[in-house]
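Here is the structure we will look at, set down as structure tokens.
Read-outs throughout are calculated quantities, based only on the coordinates presented, and are distinct from any laboratory measurement. Quick caveat, the model's predicted, so the values are computed rather than measured. Glycine also receives a Cβ, built like all others from the backbone with ideal geometry; neighbour counts cover every protein chain displayed.
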Amino acid sequence: MPPLTYASLRVGGGLLTMIGLLAAQGRLRRPDPANLPIMASVGLGQIGAGVAIQVLALQVVPAGRSAVLLYSMPLWVAVLLAIVFRIRPRRNELIGLVLGLAGLAGLLNPAVIDWQSAAELLGTLGLLLNAVIWAGVTIHVRRHHWTQAPLELQPWMLLLALVPLVVLAVLLEPGRAIRWEPMTILILFYSGPLATAFAYWASQAITRSLGAQASGTGFLATPVVGLVSGAVLLGESLGVIDVIGFVLILAGVGASTLLASADSATMAASPATDPEVQRSPG
């Protein structure tokens with residue numbers, strides 16, 4: 001099916017899933033106006049723009065490399081926190097970030113990029129822009145004062161994402177056919193309820209729990225899955241440098257998440273503070 005049509009059906013499937021889930025729980029209600037900024041940030045930035053950029057870039061950039069480019073997000077989290085909020089990473093975050101980004105640099109092999117292809121270069125830049133947007137949203141998720149649970153706001157976030165995606169699909173892909181077959185249905189059932197409805201809610205919940213930097217480094221496990229899947233399912237190349245990159249990324253994930261859990265346990269025994277929002281600039 002056309003990429004923007006797929007994006008619309010994916011987000012629409014996630015929206016229907018969340019509506020059904022919350023209606024069954026008796027939690028489907030209008031959002032508090034105080035949450036409009038975070039709804040717009042996640043809905044239009046992370047989901048709407050993010051899904052559109054990804055499906056278009058995947059037409060010209062290999063799937064495994066796309067995952068690597070998109071998940072440079074933790075680097076941009078660290079940069080934005082340092083520049084905008086004067087917040088430096090904590091020790092465990094810095095260790096995890098350095099290991100993870102070293103692995104990411106190994107996986108992002110410039111030799112495989114076709115520098116003569118304007119489409120591939122544009123797709124590559126689009127994915128990096130997506131990573132920067134996602135980093136900004138991740139920080140916003142952590143710092144926003146939530147008056148409702150993220151789960152209760154998911155339908156509204158997905159609706160905000162769906163509207164521009166449908167408009168783009170109608171304008172740019174009129175009359176293009178969808179080949180309906182069993183695999184089409186399976187893909188939509190996976191990408192709607194799981195990769196959209198569940199995944200975006202889960203990323204917000206994890207970010208609120210661990211913080212922007214630690215959760216961002218944890219997400220670096222995704223390009224490992226992306227590159228392995230690209231090699232196994234799509235025949236994309238995978239070499240020794242890729243394997244070394246995998247090991248470094250997984251080490252970074254472990255350093256960030258395990259040490260972050262230890263830090264959280266230590267802080268639970270001390271006076272309540274927000275480890276990221278109230279951390280001193282120094």
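Ranked by the mean number of other Cβ atoms within 10 Å of their residues, highest first, the peptides 147-153, 21-27 fall in the order 147-153, 21-27. Shape of the chain from the C-alpha gyration tensor: oblate (a/c of 1.5 or more and a/b not above b/c, with a ≥ b ≥ c the square roots of its eigenvalues). Here the Karplus relation 6.51 cos²θ - 1.76 cosθ + 1.60, evaluated at θ = phi - 60°, turns the backbone of segment 71-78 into coupling constants of 8, 7, 3, x, 4, 6, 4, 4 Hz, with x for every Gly and Pro. Count Lys and Arg as plus one, Asp and Glu as minus one, and take only other residues whose Cβ is under 12 Å from that of residue 41; the net charge is then +2.
Just check segment 25-135 against the gyration tensor rule for me: Cα atoms, a ≥ b ≥ c as the square roots of the eigenvalues, rounded for a/c under 1.5, and otherwise prolate or oblate depending on whether a/b exceeds b/c. Oblate, since a/c reaches 1.5 and b/c is not below a/b. For segment 36-157, averaging the sequence separation of C-alpha pairs within contact (under 8 Å, six or more residues apart) and dividing by the residue count gives a relative contact order of 50 percent. Farthest toward the positive end of the dipole of the chain, out of 122, 145, 163, is the Cα of 145, where the dipole comes from beta carbon charges about the Cα centre. Averaging Cα coordinates gives a centre for segment 111-144 and one for segment 188-256; these two points are 15 Å apart. Computed from backbone phi, the HN-Hα couplings of segment 216-229 come to x, 5, x, 5, 5, 5, 4, x, 4, 4, x, 5, 5, 5 Hz, rounded to whole numbers (Karplus: 6.51 cos²θ - 1.76 cosθ + 1.60, θ = phi - 60°; Gly and Pro given as x). Here segment 70-209 is treated with +1 on each Lys and Arg Cβ and -1 on each Asp and Glu Cβ, and its dipole about the Cα centre works out to around 640 debye.
Peptides 182-191, 33-42, 68-77, ordered by how many other C-beta atoms sit within 10 Å of their residues on average, highest first, read 68-77, 33-42, 182-191.
For the chain, relative contact order (Cα pairs under 8 Å, six or more residues apart, normalised by length) works out to 39 percent.
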